[in-house]
Structure formats: C-alpha cells, structure tokens
Amino acid sequence: MAYIGLAHPVIAALVSQSTQAGVTTPTYGNAFICGKAVSLSVTPNYNESKLYADNILDEYVREFKDGTVSMGVDRLPLKAQSVMFGHTVAEDGKEVSYKSGDSGNYVGIGFYVDEMVDGVKQYTASIIYKARFTEGATDYTTKGDSIEFKTPTLEGAIAALDDGNWKKDKVFATESEAIVWIEEQLNYSAS
C-alpha cells in the first residue's frame, strides 16, 4: 500500500465518555473543519517488558502508553482557539483573547488518506479519539525576492479512552463515504 494523499482534518471537543460492558463511547461537540491538511504524523509510544527464563526470552509484552500527533494545516480557524486551546473568541469572531490560565480541551481528530493498493485507489479514514494540543511556535517572514508560504503546525499528546482504545481506521471505496463517516464519528454538521 502507498499513501498518496491526506485531506479533511476535522476536530471536535471530547465532551464525555460513557462506558458500558467494558466499551467506552466518546461524545463530541463543537466540531469544525481545521483548514486544509498539509501534513500529519502520528507516533504511538508503548510500554514494553521482557521476561527471560532458562536463558531465553520467555514472555514479551507491549502495550500502548500514549502518543504524539503533529498536524500541519493551511490555516487555523478561529474556532480552534476556543475548542483546542481554551482561548476566548469574541462573538463577532474577529478577536481572540489569550490568558495565561487558558487550558486546552481534549479533542477527537478525524482525517482520511488516499492510498493505492494493488493498483486500486481507496480511502482510509481515521479517528484519534482523544488528544490535547498545545500551540506551536508562530513564524512570520517578510516578502523578499521570492514568496514563502508559512503554515501552522500543531503538536498534540494522544491518550487512550477509558477502555484503552485510542484510534480507529475504516477503509472506503469512495472519498465521500470516508468524509461522511468522519463527520458522523465526530458529530460534525456543516450548519
């Protein structure tokens, strides 16, 4: 399989988690499309333990601990300032107030990748259930002899839900099916 595209980054505040029969169901709100995707990197971290007995490796355990996500987008919508970082956005949507005590919320992240498998294009949609982002550095450069694009990159810490699940992938034949699934999972409505 070869990844040949990335699109449709959707972010939503993790409102609650309810667990029944050992399965945790997350509920999301305040979902928004977080610009257009430029890059995305997901790095899971694991706890590992080895047990040696009779001079050989007898047991090996590897479990998800946490992870990091780095997301580059073409722009950061104002809604991200309140949903992701806890800043205050004025009702007219033209002013953001930053306070030292502002704290980001846990959010769910959705996106899809185009991939080629045996010459057939398919779309794999992904949901990361729970992450908390911090604002990255902001770089500005004056125009010189050539124009250089600067785009925001966000860094986040991934955590598992109460039942241990941290990510879900689903493969679709069409792009529109992948988009609908992501939006349903994160409770996104265009209105």
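The values are calculated or read from the model by the stated rules, or taken from the named source; none is laboratory data. From a predicted model like this one, the values you see are computed outputs, not experimental measurements. Glycine gets a Cβ as well: all are built from the backbone with ideal geometry, and neighbour counts include every protein chain shown. Areas reflect the complete protein model, heavy atoms only, side chains present, ligands, DNA and RNA absent. Shrake-Rupley method; radii C 1.70, N 1.55, O 1.52, S 1.80 Å.
Okay, here's what the table says:
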quantity	calculated
Efficiency of FRET from Cβ geometry, K168 and N45, R₀ 22 Å, rounded to 0.05	0.75
Estimated translational D of segment 100-151 in µm²/s (Stokes, Kirkwood radius over Cα pairs; 37 °C; 0.692 mPa s)	213
Per-selection Rg to Rh, segment 15-86 - Cα, Kirkwood hydrodynamic radius	1.19
Counted charge near L51, where neighbours are those whose Cβ lies closer than 14 Å (Asp, Glu -1; Lys, Arg +1)	-2
Sites T27 and E148 - FRET efficiency at Förster radius 45 Å, r taken between beta-carbons, to 0.05	0.60
In Å², nearest 10: area of E184 left accessible to a 1.4 Å probe	130
Antiparallel bridge percentage (DSSP; both residues within segment 18-120; nearest 5)	100
Sum of side-chain charges, F32 neighbourhood, beta-carbon under 14 Å (Lys, Arg +1; Asp, Glu -1)	+2
Amide hydrogen neighbours beyond the local backbone of G86, cut-off 5 Å, H modeled	N105
Debye, to nearest 20: dipole size of the chain, +1 on Lys, Arg Cβ, -1 on Asp, Glu Cβ	380
Cut-off 13 Å between beta-carbons: net charge of the residues surrounding V96, Lys and Arg +1, Asp and Glu -1	-2
13 Å cut-off, amide nitrogen to a point 7 angstrom out along T88 Cα→Cβ, residues in segment 12-32	none
Quotient of Cα Rg and 2.2 N^0.38 Å for segment 128-169, N being how many residues it contains	1.86
Carbon/sulfur fraction of accessible area - the chain, other protein chains in place, 1.4 Å, %	46
The chain: angle of helix 175-185 to the longest principal axis, Cα-based, in degrees nearest 10	80
Anchor K167: lysines whose Cα lies under 27 Å away (excluding residues fewer than 8 positions away in-chain)	K36, K50, K65, K79, K121, K130
Coarse-grained scattering of the chain at q = 0.12 Å⁻¹, given as base-10 log I(q)/I(0) from a Debye sum over alpha-carbon atoms	-0.69
